[in-house]
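Data block below; observations after.
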Amino acid sequence: MESERIAGLEAAADCLAHARYAIALTGAGLSVESGIPPFRGPGGLWTKHGEPPMNGFQRFLADPRRAWEDRLNPTGPMRELWNALSAARPNPGHHAFVELEDLGVLRAVITQNVDNLHRLAGSRRLLEIHGNATLIRCLGCGRRFARDEIDFSELPPHCPGCDGLLKSDTVSFGEPIPSDVLEGCFEEAARADCMIVAGTSATVYPAAQFPLDVRDRGGDLIEINPYPSELTAVSRHVLQGSAGEILPKLVELVRARGR
Ligand code: OAD
């Protein structure tokens with residue numbers, strides 16, 4: 001069993017070391033070891049509390065003041081999530097992605113996570129497809145702001161640039177993904193011949209489509225997840241286990257191959 005695990009890791013390291021253009025897709029499982037609960041599966045927020053309404057964006061637009069009040073004073077599962085987010089630090093999995101980028105092996109990370117941990121770890125080419133919970137975005141001009149740049153004395157807050165309505169940068173259910181990020185994701189996926197898929201159930205689109213596109217063009221998928229996902233059956237390399245444990249081992253093996 002252990003020898004199979006090692007052979008799997010070696011084969012995945014070969015794949016990465018020989019890749020012309022490797023990218024990654026990450027999800028909530030990557031941040032589990034930083035203390036942030038995932039959404040689905042064991043301990044998941046939706047598993048415990050049920051899925052939230054699918055029309056979050058429409059509800060925001062219908063009453064943005066109320067939505068901001070809830071945001072600034074969250075209750076229920078949202079409070080659990082914000083408490084975990086504000087205390088979280090990057091784990092060895094996040095740092096491994098930075099090392100792979102430093103080695104010139106990894107060209108971009110597409111993350112579904114809004115927790116800011118890839119940025120804190122130092123990832124450079126980062127596409128936050130579901131936004132970043134620490135940022136605020138103008139629905140008018142698309143500019144993003146840090147929280148301390150915004151005047152919250154009147155809710156909802158408005159853009160200091162164009163006076164447009166401000167919303168958390170986190171993409172709500174029913175909200176279009178900002179086009180700057182989405183276009184970047186499509187470009188990266190079109191170039192990639194290898195993709196690491198770590199800590200995602202691969203059930204939310206369009207994010208889950210990118211690995212399928214890479215695979216359909218003949219690229220290889222390396223999945224890292226303790227449990228089977230929607231992508232397990234189509235992944236060339238399936239590394240079963242936690243991302244924080246497996247990714248640093250993968251980096252070591254890629255380094256040993258002179259990359
Ligand atoms: P999910 O909660 O759907 O899936 C988390 C995945 O991580 C599961 O497949 C777990 O088996 C796996 N996992 C758990 N612990 C792990 C570990 N230590 N190492 C590696 N993998 C582990 O999270 P996402 O796929 O990210 O959307 O969910 C996608 C989107 O659904 C989220 O971005 C969010 C949610 O609705 C928005 O916020 C817009």
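The values are calculated or read from the model by the stated rules, or taken from the named source; none is laboratory data. Being a predicted model, the structure only gives us computed values, none of them experimental. Backbone-built Cβ (ideal geometry, glycine too); neighbour counts: all protein chains shown.
Restricting attention to the range 67-107, the residues that are at pLDDT 95 or above and of a type in the set (Gly, Ala, Ser) total 4. With respect to the conditions (1) more than 23 Å from residue 91 (Cα to Cα); (2) within 16 Å of the ligand (Cβ to nearest atom); (3) out of contact with any His (no Cβ under 8 Å at 6 or more places or on another chain); (4) aliphatic (A, V, I, L, M), residue 171 falls short on a single one, namely (3). Pairing residues of the range 168-180 that are more than 15 Å from residue 58 (Cβ to Cβ) and assigned to a loop (DSSP other than H, G, I, E, B) with residues that are within 11 Å of the ligand (Cβ to nearest atom) and of a type in the set (Val, Ile, Thr), at Cβ distances under 7 Å and at least 6 apart in sequence or on separate chains, gives 170/114; 177/129; 177/171. Residue count for the range 185-204, restricted to those that are part of a loop (DSSP other than H, G, I, E, B), touching a strand residue (DSSP E or B) at 6+ places or on another chain (Cβ under 7 Å) and either of a type in the set (Lys, Arg) or within 16 Å of the ligand (Cβ to nearest atom) (or both): 2. In the range 98-149, counting only strands (runs of 3 or more DSSP E) that sit wholly within it, the ones holding 1 or more residues that are without any contact (Cβ under 8 Å) to a residue 60 or more places away in the chain and more than 20 Å from residue 248 (Cβ to Cβ) span 126-128, 135-138, 144-146.
Test residue 208 against the stated conditions and say whether it is farther than 15 Å from residue 112 by Cα, surrounded by fewer than 20 Cβ atoms within 10 Å (Cβ to Cβ) and out of contact with any Asp or Glu (no Cβ under 6 Å at 6 or more places or on another chain). Here the answer is no, as residue 208 does not meet what is asked. Exactly one of (1) surrounded by 13 or more Cβ atoms within 10 Å (Cβ to Cβ); (2) among the aliphatic types (A, V, I, L, M); (3) not in a helix (DSSP H, G or I) is unmet by residue 54. Its number? Unmet condition: (1).
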